[in-house]
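Notes follow once the structure below has been shown.
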Amino acid sequence: MSARTHLATVALGALTAAAGATAIEARRRVASRGIGALRPDTDLVRQVVARMTTPLLPDDYLHLLNPLWTAREVRGRVVRVVPETEDAATLVIRPGWGWSFDYQPGQYVGIGVSVEGRWLWRSYSITSAPRPDQRHFAVTVKAMPEGRLSGHLVRGLAPGTVVRLAVPQGGFVLPDPPPPRLLFWTGGSGVTPVMAMLRTLVRRGTMPDVVHVHAAPERSESLFADELRALADQHANYRLVEASRDRPVRVGDLERACPDWRLREAWVCGPERMLDDAEDHWRRAGLGDRLHLERFSASRTAEAEGGRITFAASDRVVEADGATSLLEAGEGAGVAMPFGCRMGICHTCVVPLASGAVQDLRNGDIYRDRQGIQTCVTAAAGDCTIDI
Amino acid sequence: MAIGNVKEFAHLTDEQVEDLGRRFDAIRSSIEADLGSRDARYIRNLIRVQRRLVVAARVTLFASAFPPAWVAGTGLLAVAKILENMEIGHNVMHGQWDWMNDPEIHSGTWEWDTTCPAEGWKHSHNYVHHTFTNVLGKDNDVGYGILRVRPEQPWHPFNLGQPVYNALLALLFEWGVALHDLDIEAIRKRRKDPAETRRQLKVIWRKVRRQVGKDYLVFPLLSGPAFASTVTANATANLIRNLWSYMIIFCGHFPDGAEVFLEEELEGEQRPQWYLRQLLGAANFEGGRLLHVMSGSLGYQIEHHLFPDLPSNRYPEIAAQVRELCRTYRLPYTIGPLHRQYGQTLRTLLKLSLPGSSSQRRRRGEGRRAPRATIEELRRYDGPMAPQAAVS
């Protein structure tokens, strides 16, 4: 990135008399969640054109022609909505400029959807194997009870809808090459990241020795049931053990289904209880480093009065109650917080909320991750992290 | 309560002031609760229209050697710059659209099409001016450090040149705004850290270079043989924008009826008193929808000061509620046609270039004390912004 910027800046200096400052663009790029740089040659063209569009970016005009023609806020178009079960659907998304297909199987991606004028963000596991040649990727969404956005995505999203995309992330990934012996233990929609891993293994044509213990609800509601069974039929190395959710799979069942679990590198994704059991079990066997866990973020951000505030860039952590504003908490911890009117009108103190939830002290509204918040009138609602 | 000493508010009891505060809060929450797709469509459409105007103007000006194209292109560009600076940029930077959670239309990231960097503007305007509105010695917008706009400001022989400074400020308004946050007065009185001044100048210089480069180098070069006519067209568009925004902005706080405050009147100020100060410190002007959009909704200066971060497309409905409150509580609400508001501003500027009336505190309707609203009248009042009704 820095090499590209450097190259572009040097070339630009030769091209225009008013060369130099790209600070405004740089700041925008940092401030936005965009993935940013494209190829160096495209980058150079953009910077030259930016001389004409300043203080905006060329992308700010181009996305009015085609919503996908911008790398400032990466967008994607939903090309298909495939119903999987009664309450789950796969969204096939054609990403626009700035998207990179070098994500790893098992990672999740943040998807922003405009609902009643507001961009709401949630993260979902990518279920497709990374395939740049197909120019699209898929996420599978399960409608949560009370989940406003997931319900909208599963039932209300029309093909053609433009969504926003964050950078794929997460450490729950399949290494390349994969270990010779694997164990997947999944529960319910916890199968989604593992699905991307299995599809990747199939695509590469090198299925290692895999045991997959999967606990799912009744057949009609079970995600990817047919595809998993077909896999088991086609690949002798892939053994699928299905369990009903009516009788939860416990660690004892796992030992019976996969007696050689100690010899396998394990990936576990499912309900909180199952993850706790697995963590405990592997740790007691002294095999904690062979276990990979994925906890969905929803369980990480329980709302509460007050909580632990992490000031990410300043590397400070402070406990605060539900009546202390983030601004006061930050100042108390010696963080250089931006501030203004201290009464919620001037928006000088806005900083990005990276994760967790905060509560508006004026009206009790809860704001969740991925948005700018006014620190002078918000307090922690559970643990949260802000980018300052 | 110090603001109770202000004559316009002397008829209010403490309870009435508190009650007013609650009613203003209720207007805010009812609007906030109602924000949705309709509002998002308004700002997105406006931005789309504005960007199309820019493209149309720039393309037309490639032919600016041909006089009709010069006129059309200049007009389009002036309108585009006015829309961007006033109804879009100024309001976005106030955080009016932050609720959409769209980083492309957000106070934290917006940079506007003028030489003033967003960072300096947000400090001098959103924070200093909107928090300490019209407080002498604290709000630099009272005369912008070069004009005497209030009789309370002491006269100095320097003020004799006021008609000239005023004309220059109108013509070069964009540059005045760019340098405003430097606070020249503080630099002159050595109240400011030179390192901070240098840092600010660097930020301003970076922005100026890009803006000037675009209008006076890049586009003229792209026009080839029409280089000179593109330069004059762009300069004229910038000038039209300067004159227009100067006039609109000078009608916000300088017409008769908009009052200033002393620092001691801030003593013990809470939210309700802050609302009252905003109400008395600002002046509206009348006009159709198009005039209001072209003036960045600053014809609703009073509503803008009461709720600077509520979306500007909501000001007309907020204004109806605020006027109703002012009638009920017998509070002044300053409004008039644009020409009268500007005429009063100009008259004040000329009058105050000469010495006189410096120690005297002039108040609207002197000697005419508004009668106290009776309990009976307040009880009868149950408009749409009554706190109970709006909150439920």
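The values are calculated or read from the model by the stated rules, or taken from the named source; none is laboratory data. Fair warning: this is a prediction, and the values are worked out from it, not measured in the lab. Using ideal geometry, Cβ is built from the backbone for each residue, glycine included, and neighbour counts are taken over all protein chains shown. Side chains are part of the model used for accessible areas, which takes the heavy atoms of the whole protein and leaves out ligands, DNA and RNA. Shrake-Rupley method; radii C 1.70, N 1.55, O 1.52, S 1.80 Å.
Both the radius of gyration and Dmax for the range B:2-387 are 22.0, 75 Å, in that order, over alpha-carbon atoms.
The stretch between B:Arg198 and B:Phe62 holds 45.2 nm of extra length on full extension. This uses 0.36 nm per residue minus the Cα-Cα distance.
Evaluated with a Cβ-only charge set (Lys, Arg +1; Asp, Glu -1), the range A:181-298 carries a dipole of roughly 280 debye about its Cα centre, given to the nearest 20.
Remark: accessible area buried at the B-A interface is about 4000 Å², both chains counted, probe radius 1.4 Å.
Straight-line cross-link partners of B:Lys207 among the lysines, defined as a Cα under 21 Å from its Cα and at least 8 positions apart when in the same chain: B:Lys81, B:Lys122. Rounded to the nearest 10 degrees, the angle from helix B:315-328 to the longest Cα principal axis of chain B is 20 degrees. For the pair A:Thr42 and A:Arg155, the difference between a 0.36 nm per residue extended length and the Cα-Cα distance amounts to 36.9 nm.
Normalised by the number of residues in chain A, the mean separation of alpha-carbon contacts (under 8 Å, six or more apart) gives a relative contact order of 10 percent.
Put simply, the amide H of B:Glu286, placed in the peptide plane, has neighbours under 5 Å in B:Gly336, B:Leu338, leaving out anything fewer than 5 places away on its chain. Rounded to the nearest 20, the Cβ-based charge dipole of chain B about its Cα centre (Lys and Arg +1, Asp and Glu -1) stands at 1140 debye. For the protein assembly as shown, the dipole from Cβ point charges (+1 on Lys and Arg, -1 on Asp and Glu) about the Cα centre works out to 2400 debye, to the nearest 20. Here r is the Cβ-Cβ distance between A:Arg148 and B:Ile184 and R0 is 56 Å; the resulting FRET efficiency, rounded to 0.05, is 0.65. Positive-end ranking of B:Gln50, B:Asn5, B:Ile31 along the dipole of the range B:1-55, with charges on Cβ about the Cα centre, is headed by B:Gln50. Note on the protein assembly as shown: antiparallel DSSP beta bridges, both residues inside, total approximately 60 percent of the bridges counted.
Accessible surface ranking for A:Thr161, A:Thr90, 1.4 angstrom probe, highest first: A:Thr161, A:Thr90. Going from the chain on its own to the full set of protein chains, the range B:130-144 has these residues losing 30 Å² or more of accessible surface (heavy atoms, 1.4 Å probe, no ligands, DNA or RNA): B:Thr131. Ellipticity at 222 nm from helices only: DSSP H runs of n ≥ 4 in chain B, each -39500 (n - 2.57), divided by the residue count, give -16000 deg cm²/dmol. Counting charges near A:Leu64 (Lys, Arg +1; Asp, Glu -1) among other residues having Cβ under 11 Å from its Cβ returns a value of +2.
Counting only alpha carbon atoms, the long axis of helix A:225-234 and the longest principal axis of chain A meet at about 60°. Binning all Cα-Cα separations of the protein assembly as shown at 20 Å, short to long from zero, yields these whole-percent fractions: 14, 41, 30, 12, 2, 0. The angle separating the long axis of helix B:14-34 from the principal Cα axis of greatest extent in chain B is about 40 degrees.
Distances between placed amide hydrogens fall under 5 Å for A:Glu84 paired with A:Ala89, A:Thr90, all partners being 5 or more residues away or on another chain.
You can think of it this way: the chain between B:Ala320 and B:Phe227 has 28.5 nm of extra reach, that is 0.36 nm per residue less the Cα-Cα gap.
Take the Cα of B:Gln270, step 7 Å toward its Cβ, do the same at A:Ala236, and the gap between the two points is 8.2 nm. The modelled label-to-label distance between B:Arg340 and A:Met343, using points 7 Å beyond Cα along the C-beta direction, is 3.0 nm. Over all other residues within a Cβ to Cβ distance under 11 Å of A:Val162, the charged ones net out to +3, with Lys and Arg as +1 and Asp and Glu as -1. Within a Cβ distance under 9 Å of B:Val54, other residues only, what is the Lys/Arg minus Asp/Glu net charge? The answer is +2. In nm, to one decimal, how far is the modelled label at A:Ser100 from the one at B:Val55, with both set 7 Å along Cα→Cβ? A separation of 3.0 nm, rounded to one decimal place.
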